[in-house]
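Engineer: Below is a structure I'd like to ask you about.
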Amino acid sequence: MKQRILLGRGALLALGILFIGVTVLSTWLLRGLRFDLTENRLYTIAPGTEHIIRGLDEPVNLYFYWSAKTASEYPALNTYGTRVREFLQELAARSKGKLRLSIIDPEPFSEDEDRAAERGVRGVPIGANGETFYFGLAGTNSTDGHEAIAFFDPAKEPFLEYDVAKLIQELGRTKKPVVGWLSSLPMSGGYDPASGQPRDPWYVYAQAGQLFTVRDLTPALTKIDPDIDVLVLVHPKSLPEAAQEAIDQFALRGGRLLVFVDPLAEQDPGAGGADTPFAAAGLDRSSQLATLLSAWGVEFKPKEVVGDLRYGMTVAMRAGDAPTRHIGILGLDAKSLDAGDVVTNGLDSVNLATAGHIEPVKGATTTFTPLLQSSNEAGILPAERFAMLLDPATLQDGFKPTGQRYTLAARVTGNVKSAFPKGPGPLRESAKPLNLIIFADTDMLADYLWLRDVPASFFGPRAKQAWAHNGDLVWNALDNLAGSNDLISVRGRASFTRPFERVEALRRDAEGRLRVKEQELEQQLSATESKLGALQSQRADQSGLILTPEQTKEIERFEAQKLRIRKELREVRLGLDQDIRRLGNEIKILNIVVVPALFALLALAVAVWRRKRQAAILLVQRSSRP
């Protein structure tokens, strides 16, 4: 008996030691191994992000400023903050020491709080007491470079990975991206022969020069330098074939392009520019790039302008004229912008003038993704309608919307073939995929469509104030294309926050029943008040101080009905709470009882199967003995 007890205790001790040994061994062998079982692969790092991290030559320091104590009082913020922290920790774990992450909870009036401000992370007041809340990321490198995400906006949660990957890539760069700029419009300023005065550069062009190294190109080019990261084409018009072949080769070797074409470029110098209120007859102000666009899988019709009854803006053609609705000048809102693309996400107003439309070529090998679209109250106007246009209201004469949403800008990606297969260039097809963002309007770049002048004052000189997001859209596109192909490949993710769909469905159903009961109560109240008024008017003495038996009986009946309906309202609310509690209990039972029981049954079945298998092996061995 004692021997059996000793053997049993020894077996238990051996099992305990074995369990600890297996746990330690598995922790060492499976270190870094993770499984992402979320529906939208929220914790799976995009290949482009991993490539950016692996490509870092020197370590990057990341400082995650997170007011965890304050966030604990706000469940939504706390959940998203946990998501951001875990994502950053996952990046650091995969970086093999190239990302050094520090998580900091700044205390009020501390050095950490001062350092957060120095690094570009801003605190925002939160709660009734206005407590400062920090939720941002700062990064530094070995060359004193620094970048920051001032605040992680929960509305931009789908682009969390893109924003962080962009910050890391910026810290890994040693120089500004180079942008080649080829335009037939006077964007760079200079001398205006019409007025005899110097002309300021367009603001969108001037600001691009602050963000990037801008290199002006001319139509006489025969090659595009390999150090140019992005090529911008604005209103390409009468480009020599040699220049088009150079652009073709740039695209085939994986160059990124930002292209603006237009069926009616109001800023074309041949038409008098923005001060000319209408197009001169006979002037062709359309862009011509059909050969290249066709090879890239894009169709642009240079004689068609999009008119839109919903987005048409009210404008005055000349000083002193009454404002008139112009269906050819469009003020787009957030509904017409692709919220799923990093270039257009977060923008809510973009203005265009006499814009064209683009669509994919049938059978194209490229992927065509709309970025800007008209409403379904749009239609096509011939460009000739705008010649000598004095009254924009006449554009609506005979105008019939087609019900189609026209694409005004798009992202085009994929492998393409040369537009000049017999040309002198060495490439006949894509060495790397094409990355193109194309807009069917050039006037959107002009200052007058999205900027207003702020007069000089005692506090500062004259300045520009944006009233639309045209500039942000262009800079976003440049910023995105100037990144590596790895960064461009990082797309928006689904939201981490998942709604309680069953609970919301129960709540909507209950609210519907509540509304029905409330309407019933209001109708009965109105009917009773009307009847009381009728009874009152029938009294001979017209005295409202003493109630008749009929009035008393009617009031008592109404009070009884009101009590009954209120009881039913309470029952509806109680039923909603009971349904939600029942659903919660079902989930708890499923998680706490059913799932563990299933695993236990599975383990028991495996144990029984193994025992039977061992017994069968022993039986075979015994039967095989002589």
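The values are calculated or read from the model by the stated rules, or taken from the named source; none is laboratory data. Here the structure is a predicted model, which means the values were calculated and not measured. Using ideal geometry, Cβ is built from the backbone for each residue, glycine included, and neighbour counts are taken over all protein chains shown.
Engineer: Looking at the range 192-243, which of its residues are closer than 19 Å to T442 by Cα and of a type in the set (S, T, N, Q)?
Structural biologist: If the condition is that a residue be closer than 19 Å to T442 by Cα and of a type in the set (S, T, N, Q), then Q207, T218, S238 are the ones that fit.
Engineer: Give the range 244-269 a look and list any residue that's assigned to a helix (DSSP H, G or I), within 33 Å of the chain's Cα centre (by Cα) and touching a residue at least 40 places away in the same chain (Cβ under 8 Å), or say none.
Structural biologist: Within the range 244-269, the subset assigned to a helix (DSSP H, G or I) is 244-252, 269.
Keeping just the survivors that are within 33 Å of the chain's Cα centre (by Cα) gives 247-252.
Across the range 244-269, the qualifying residues are I247, D248, Q249, A251, L252.
Engineer: What is the residue count in the range 369-405 for residues that are under 19 Å from A290 (Cα atoms) and not in a strand (DSSP E or B)?
Structural biologist: Of the residues in that region, 1 qualify.
Engineer: Give the range 108-132 a look and list any residue that's surrounded by 12 or more Cβ atoms within 10 Å (Cβ to Cβ) and farther than 17 Å from T70 by Cα, or say none.
Structural biologist: Step one: list which residues in the range 108-132 are surrounded by 12 or more Cβ atoms within 10 Å (Cβ to Cβ), which gives 110, 112-113, 115-117, 119-124, 126, 131-132.
R115, A117, R119, G120 - these are the residues of the range 108-132 that are surrounded by 12 or more Cβ atoms within 10 Å (Cβ to Cβ) and farther than 17 Å from T70 by Cα.
Engineer: Identify all residues within the range 102-114 that are in contact with a strand residue (DSSP E or B) (Cβ under 8 Å, 6 or more places away or on another chain) and not hydrophobic (A, V, I, L, M, F, W, C); write none if there are none. Let's see the steps before the verdict.
Structural biologist: Narrowing the range 102-114 to residues in contact with a strand residue (DSSP E or B) (Cβ under 8 Å, 6 or more places away or on another chain): 102-106, 108, 112-113.
Listed by number, the residues that qualify are S102, D105, P106, P108, D112, E113.
Engineer: What tally of residues in the range 140-176 results from selecting those that are assigned to a helix (DSSP H, G or I) and among the charged types (D, E, K, R)? Quick ask: steps written out before the conclusion?
Structural biologist: Step one: list which residues in the range 140-176 are assigned to a helix (DSSP H, G or I), which gives 154-172.
From what's left, among the charged types (D, E, K, R): 156-157, 161, 163, 166, 170.
Within the range 140-176, residues that are assigned to a helix (DSSP H, G or I) and among the charged types (D, E, K, R) number 6.
Engineer: While we're on this one: Taking into account only those residues within the range 204-222 that are in a helix (DSSP H, G or I) and not small (G, A, S), which is surrounded by the fewest Cβ atoms within 10 Å (Cβ to Cβ)?
Structural biologist: It comes out as Q210.
Engineer: I've got another one for you. Given the options L99, L77, name the one that is modelled with pLDDT under 90, in contact with a strand residue (DSSP E or B) (Cβ under 9 Å, 6 or more places away or on another chain) and surrounded by 15 or more Cβ atoms within 10 Å (Cβ to Cβ).
Structural biologist: Sole residue among the options that is modelled with pLDDT under 90, in contact with a strand residue (DSSP E or B) (Cβ under 9 Å, 6 or more places away or on another chain) and surrounded by 15 or more Cβ atoms within 10 Å (Cβ to Cβ): L77.
Engineer: Ok, one more. Scanning for something touching a residue at least 40 places away in the same chain (Cβ under 8 Å), in a strand (DSSP E or B) and in contact with a Lys or Arg (Cβ under 6 Å, 6 or more places away or on another chain), does the range 223-243 turn up at least one residue?
Structural biologist: Yes.
Engineer: Given the residues L427, L408, which is the only one that is crowded, with 22+ Cβ neighbours inside 10 Å, among the aliphatic types (A, V, I, L, M) and either in a strand (DSSP E or B) or assigned by TED's automatic domain parsing to the domain that holds F260 (or both)? Steps first, please.
Structural biologist: Values: L427 fails: crowded, with 22+ Cβ neighbours inside 10 Å.
Sole residue among the options that is crowded, with 22+ Cβ neighbours inside 10 Å, among the aliphatic types (A, V, I, L, M) and either in a strand (DSSP E or B) or assigned by TED's automatic domain parsing to the domain that holds F260 (or both): L408.
Engineer: Which ones in the range 411-424 are more than 29 Å from the chain's Cα centre (by Cα) and surrounded by 12 or more Cβ atoms within 10 Å (Cβ to Cβ)? First the steps, then the outcome.
Structural biologist: So the first thing to find is which residues in the range 411-424 are more than 29 Å from the chain's Cα centre (by Cα), and the list is 417-424.
Correct list: K417, S418, A419, F420, G423.
Engineer: Residue check: is L371 surrounded by 14 or more Cβ atoms within 10 Å (Cβ to Cβ), touching a residue at least 24 places away in the same chain (Cβ under 8 Å) and not assigned by TED's automatic domain parsing to the domain that holds P158?
Structural biologist: When the stated conditions are applied, L371 passes them.
Engineer: Going by the conditions given, is S184 surrounded by fewer than 19 Cβ atoms within 10 Å (Cβ to Cβ) and modelled with pLDDT under 95?
Structural biologist: no
Engineer: Among the listed residues V178, V164, which satisfies the condition of being crowded, with 18+ Cβ neighbours inside 10 Å, farther than 19 Å from A446 by Cβ and in contact (Cβ under 8 Å) with a residue 12 or more places away in the chain? First the steps, then the outcome.
Structural biologist: Numbers: V178 fails: crowded, with 18+ Cβ neighbours inside 10 Å.
None of the others qualify; the one that does is V164.
Engineer: With the requirement that a residue be part of a helix (DSSP H, G or I) and within 29 Å of the chain's Cα centre (by Cα), what does the range 103-139 give you?
Structural biologist: Passing the criteria: A116, A117, E118.
Engineer: So, one more: Restricting to the range 115-162, what's the tally of residues that are out of contact with any strand residue (DSSP E or B) (no Cβ under 6 Å at 6 or more places or on another chain), modelled with pLDDT under 90 and farther than 24 Å from S72 by Cα?
Structural biologist: 5
Engineer: So the check is Cβ under 6 Å with 6+ separation or different chains; which pairs have a first residue in the range 124-150 that's more than 20 Å from F87 (Cα to Cα) and a second one that's of a type in the set (A, V, I, L, M) and not in a strand (DSSP E or B)?
Structural biologist: That search, which allows pairs on different chains as well, returns N141/L171; G145/L171.
Engineer: Going by the structure shown, is L381 touching a helix residue (DSSP H, G or I) at 6+ places or on another chain (Cβ under 9 Å), buried (at least 16 other Cβ atoms within 10 Å of the Cβ), closer than 29 Å to W296 by Cα and in contact (Cβ under 8 Å) with a residue 60 or more places away in the chain?
Structural biologist: yes
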